[in-house]
Structure formats: structure tokens, C-alpha cells
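K.L.:
Please find one structure pasted underneath; my questions will follow.
The values are calculated or read from the model by the stated rules, or taken from the named source; none is laboratory data. Every value quoted in this text rests on a predicted model; they were computed, and no experiment measured them. Heads up, the Cβs are rebuilt from the backbone with ideal geometry, glycines too, and the neighbour counts pull from every protein chain shown. Surface accessibility is based on the protein's heavy atoms, side chains included, excluding ligands, DNA and RNA. Shrake-Rupley method; radii C 1.70, N 1.55, O 1.52, S 1.80 Å.
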Amino acid sequence: KVLEVRGVAGTSVDTDRHNGIHETLDASGKKWQLVEAIGNWDDGTAQKATADAIAVQGPFDGYTAQGGDTGTVQAMIDAKQKFVPFAGETENGFRKFCGKYSAQGLTCTSAGTGPAQVAVAIKTAIDALKGTVVPQSVLLPLAVASDPMKDGQDYYSDQSDNFFVGNSFPTCGINFTAQ
């Protein structure tokens, strides 16, 4: 049984990710019970939605979330839910939890392109306005981290929970650091 904490209903990103989760689970050939909750890509909303799902339909054997992952893990902790595999976003707070609780069973994969993709779009637009020939499409690599996650590389314990790690796209000239 897997809890899928979805994003903002009706957005193409939420729909694409939801469909991708179903395609991936279906392709495994195993029978999955998927329970959906709406987290709106927000920690507080995801925490409440997860707490409600655990109370009504838990426990779960795995989690996947599109954002608000820090809130989802906090709900697991508050409910004393056994730690299980979790596939989530690149939020610093989520990755902090992954680093802290990995040895207790919170095995994580965290992936995304992060908000810095906007910087790539702006840089491309400026280049086009200057008359530079720009590509018709740009494929940004995913910032992926899996267990074991390391402080100072995959997450930053001395920084806020509320930013996305993995905001560097060197091939595009965008090299933001956590600081």
C-alpha cells in the first residue's frame, strides 16, 4: 500500500507526475494499492493530508510525494508510523529527514529540477533578445540523491528546510549553491 501525496489538482505537473507514478507501478507487474491525498506542494497541507490518510487508511508500505515532503515525513513521525521507502522532491527539509532517519528505515530517493530552472529560462530569453541563436528546447538534468544522503552535499543541516537542493545547471551557466 502506497500513499501518493499529490500536488495542486488540475495542474499539468501534478497530472504528469501522477500518471508517471501509475505507469511505473503498473510496469512492475505487482499489485499495488495506491491511496491519494492532496498536499498542494505545501508542507502544512501535506502534513495534514498525510496525517488524515495514516489515521484512516494507514499504515503504508511506501510513500511518494510531489512537494510538501517535509510535512509528509513529519506526519509519519507524529503518527509513529514505521519508516518505509519514500520517493520525493528535492526539498532541503525532506532530505534532512532522509539523512537523519536513514538507519531507522526511511530510505529515500529525492529528485527534481528545482526552482532554478526559471533562471535557465530567463537566461535563454535574454540571450534570444540579444540575438543569440538559442535551442528550441533545453533538457535539464534531474538533481537526484538517494541513500545515504550526506550533509553539505545532498542537504544542508545549517540551512532552512524551505528551499530546493539541486539548483545548479553548469551546462546552462547556472550555478546556484545552497547558500
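K.L.:
At 222 nm, what value in deg cm²/dmol follows for the chain if DSSP H runs of at least 4 each add -39500 (n - 2.57) and the sum is divided by all its residues, to the nearest 500? Don't skip to the answer; put the middle values down first.
P.N.:
Values: 5 runs with 64 residues, N = 179.
The per-residue figure over the chain is -11500 deg cm²/dmol.
K.L.:
Strictly under 4.7 angstrom between C-beta atoms: which cysteines of the chain have no such partner?
P.N.:
Cys172
K.L.:
Here is a further query. Would you kindly derive the ³J(HN,Hα) couplings of segment 51-64 from the backbone phi angles with the Karplus curve 6.51 cos²θ - 1.76 cosθ + 1.60 (θ = phi - 60°), listing them in order in whole Hz, with x for Gly and Pro?
P.N.:
Each residue's phi maps through the Karplus curve to give 4, 5, 5, 4, 5, 8, 10, x, x, 10, 8, x, 9, 9 Hz.
K.L.:
From Cα pairs below 8 angstrom and at least 6 apart in sequence, can you work out the relative contact order of segment 5-110, rounded to a whole percent? Walk me through the numbers before you get to the answer.
P.N.:
On the way: 167 pairs, mean separation 25.2, N = 106.
Dividing the mean separation by the residue count of segment 5-110 yields 24 percent.
K.L.:
Label-point separation (nm) for Trp32 and Ala125, each offset 7 Å from Cα along Cα-to-Cβ?
P.N.:
3.6
K.L.:
Shape of segment 1-105 from its Cα gyration tensor (a ≥ b ≥ c, root eigenvalues): rounded if a/c is under 1.5, otherwise prolate when a/b > b/c, or oblate? Numbers along the way, then the final one.
P.N.:
Values: a/c = 1.43, a/b = 1.20, b/c = 1.19.
Rounded, since a/c falls under 1.5.
K.L.:
Right, here's the next one. Which residues in segment 7-27 have a backbone N closer than 19 Å to a point placed 7 Å from the Cα of Lys48 along the Cα-to-Cβ line?
P.N.:
Hits in segment 7-27 for Lys48 at 19 Å: 7-10.
K.L.:
Quick one: which residues, 5+ away or cross-chain, put their amide H under 5 Å from the amide H of Ile38? H built at 1.01 Å from N.
P.N.:
So Ile38 has HN proximity to Arg6.
K.L.:
Further question: Could you look at segment 35-138 and say what percent of its accessible area is carbon and sulfur, using a 1.4 Å probe and all protein chains? The partial results should precede the final answer.
P.N.:
Numbers: 2830 of 4890 Å².
In segment 35-138, the share of accessible area belonging to carbon and sulfur is 58 percent.
K.L.:
For segment 7-65, rounded, prolate or oblate, judged on the Cα gyration tensor with a ≥ b ≥ c (square roots of eigenvalues), a/c < 1.5 rounded, else prolate if a/b > b/c? Don't jump to the answer; show the numbers that get you there.
P.N.:
On the way: a/c = 2.80, a/b = 1.15, b/c = 2.44.
Verdict is oblate for segment 7-65.
K.L.:
For a label point 7 angstrom out from the Cα of Ser157 toward its Cβ, which stretches of segment 66-82 have the backbone nitrogen within less than 19 Å?
P.N.:
Counting backbone N atoms under 19 Å from the label point, the list is 70, 74.
K.L.:
If you don't mind, another one. Could you sort out which of Lys48/Lys123; Lys48/Lys96; Lys82/Lys150 sit more than 31 Å apart by Cα distance in this structure? Show your work: numbers first, answer last.
P.N.:
Details: Lys48/Lys123 38 Å; Lys48/Lys96 20 Å; Lys82/Lys150 22 Å.
Exceeds cut-off: Lys48/Lys123.
K.L.:
Taking only protein heavy atoms and a 1.4 Å probe, what accessible area per residue, in Å², does the chain have with all protein chains in place?
P.N.:
On the way: 9660 Å² over 179 residues.
That works out to 54 Å² for each residue.
K.L.:
Which percent of the Cα-Cα distances in the chain go past 25 Å?
P.N.:
Numbers: 5847 of 15931 pairs.
Here the long-distance tail beyond 25 Å is 37 percent of all Cα pairs in the chain.
K.L.:
Let me ask something else. Under the Karplus relation 6.51 cos²θ - 1.76 cosθ + 1.60, θ = phi - 60°, what is the ordered set of whole-Hz ³J(HN,Hα) values for segment 160-176, x standing for Gly and Pro?
P.N.:
Here the 3J(HN,Hα) series is 4, 5, 9, 8, 9, 7, x, 10, 10, 10, x, 5, 9, x, 10, 9, 6 Hz.
K.L.:
When you count, for each residue, the other Cβ atoms within 10 Å and take the mean per peptide, how do 55-63, 67-75 rank with the highest first?
P.N.:
Values: 55-63: 15.3, 67-75: 27.6.
By packing density, highest mean first, the sequence is 67-75, 55-63.
K.L.:
As a test, work out the antiparallel percent of DSSP beta bridges whose residues both lie in the chain, rounded to the nearest 5.
P.N.:
Values: 7 of 22 bridges.
Antiparallel: roughly 30 percent of the beta bridges in the chain.
K.L.:
Now, a different point. Shape of segment 139-179 from its Cα gyration tensor (a ≥ b ≥ c, root eigenvalues): rounded if a/c is under 1.5, otherwise prolate when a/b > b/c, or oblate?
P.N.:
Note, shape of segment 139-179 comes out oblate.
K.L.:
A further question on this structure: Which residues' amide hydrogens lie under 5 Å from the amide hydrogen of Tyr155, considering only partners 5 or more residues apart or on another chain, with H built in the peptide plane?
P.N.:
Lys150
K.L.:
Placing unit charges on C-beta atoms (Lys and Arg positive, Asp and Glu negative, everything else neutral), compute the dipole magnitude of the chain about its Cα centre in debye, rounded to 20.
P.N.:
Working: 14 positive and 20 negative charges, 42 e Å.
Once rounded to the nearest 20, the dipole reads 200 debye.
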